[in-house]
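The values are calculated or read from the model by the stated rules, or taken from the named source; none is laboratory data. All values reported here derive from a predicted model rather than from experimental measurement. For neighbour counting, all protein chains shown are included, and Cβ atoms are generated from backbone atoms with ideal geometry for every residue, glycine included.
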Amino acid sequence: MKYFYHFLIYIFVLLFSSYFVDAMSQSIEYKYDKAGNRIAYRLINFEIDPDKEEGYDPEPLEDKVGERIFTLYPNPTYGILYVEIEKGEFEDSYIFHLSDLRGNYLMRYNHSGNGVIPIDLTSYERGVYFLNIESPEGTIRYKILKK
């Protein structure tokens with residue numbers, strides 16, 4: 001009898017899971033008149049992409065240290081984080097430190113020159129991390145959200 005109930009629950013989940021996914025991928029936008037009465041509504045459908053949060057595409061974070069421009073994206077991330085360095089010298093070296101909320105260093109990476117540096121966070125759990133980038137003219141600290 002116990003297995004029969006498990007089977008029924010399994011069938012219920014299979015039948016109605018697509019309904020719940022469809023409901024989560026939609027939103028309703030309402031319009032109101034000056035008196036506050038609802039006069040219209042519009043159904044908005046979101047594309048569900050596992051690499052992006054639904055309906056949200058974050059702007060890259062951009063910081064300038066001296067002449068150098070550091071651009072970090074995407075934050076929040078699901079795995080690969082990119083740091084782009086522009087207007088630096090070819091012989092400039094940079095040190096990347098990734099740490100958790102407790103201050104434990106998880107990764108150290110050295111890089112020279114300009115370019116886009118991928119930082120792989122797929123092996124780390126969901127949570128908040130800090131990325132310190134040491135450059136010849138100063139240090140930048142980013143708060144990273146891993147989803």
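Taking the condition of being surrounded by fewer than 16 Cβ atoms within 10 Å (Cβ to Cβ), outside any strand (DSSP E or B) and not small (Gly, Ala, Ser), how many residues in the stretch 115-131 meet it?
4
Just to check your reading of the model, which residue among Glu86, Glu91 is without any contact (Cβ under 8 Å) to a residue 40 or more places away in the chain and under 16 Å from Tyr73 (Cα atoms)?
Of the residues listed, the single one that is without any contact (Cβ under 8 Å) to a residue 40 or more places away in the chain and under 16 Å from Tyr73 (Cα atoms) is Glu86.
I'd like to know if the stretch 64-71 contains one or more residues that are more than 21 Å from Ile119 (Cα to Cα), among the hydrophobic types (A, V, I, L, M, F, W, C) and at pLDDT 75 or above.
Scanning the stretch 64-71, I find no residue that is more than 21 Å from Ile119 (Cα to Cα), among the hydrophobic types (A, V, I, L, M, F, W, C) and at pLDDT 75 or above, so the answer is no.
Can you name every residue in the stretch 105-147 that is aliphatic (A, V, I, L, M) and free of Cβ contacts under 8 Å to residues at least 60 places away in the same chain?
Answer for the stretch 105-147, where residues must be aliphatic (A, V, I, L, M) and free of Cβ contacts under 8 Å to residues at least 60 places away in the same chain: Leu106, Met107, Val116, Ile117, Ile119, Leu121, Val128, Leu131.
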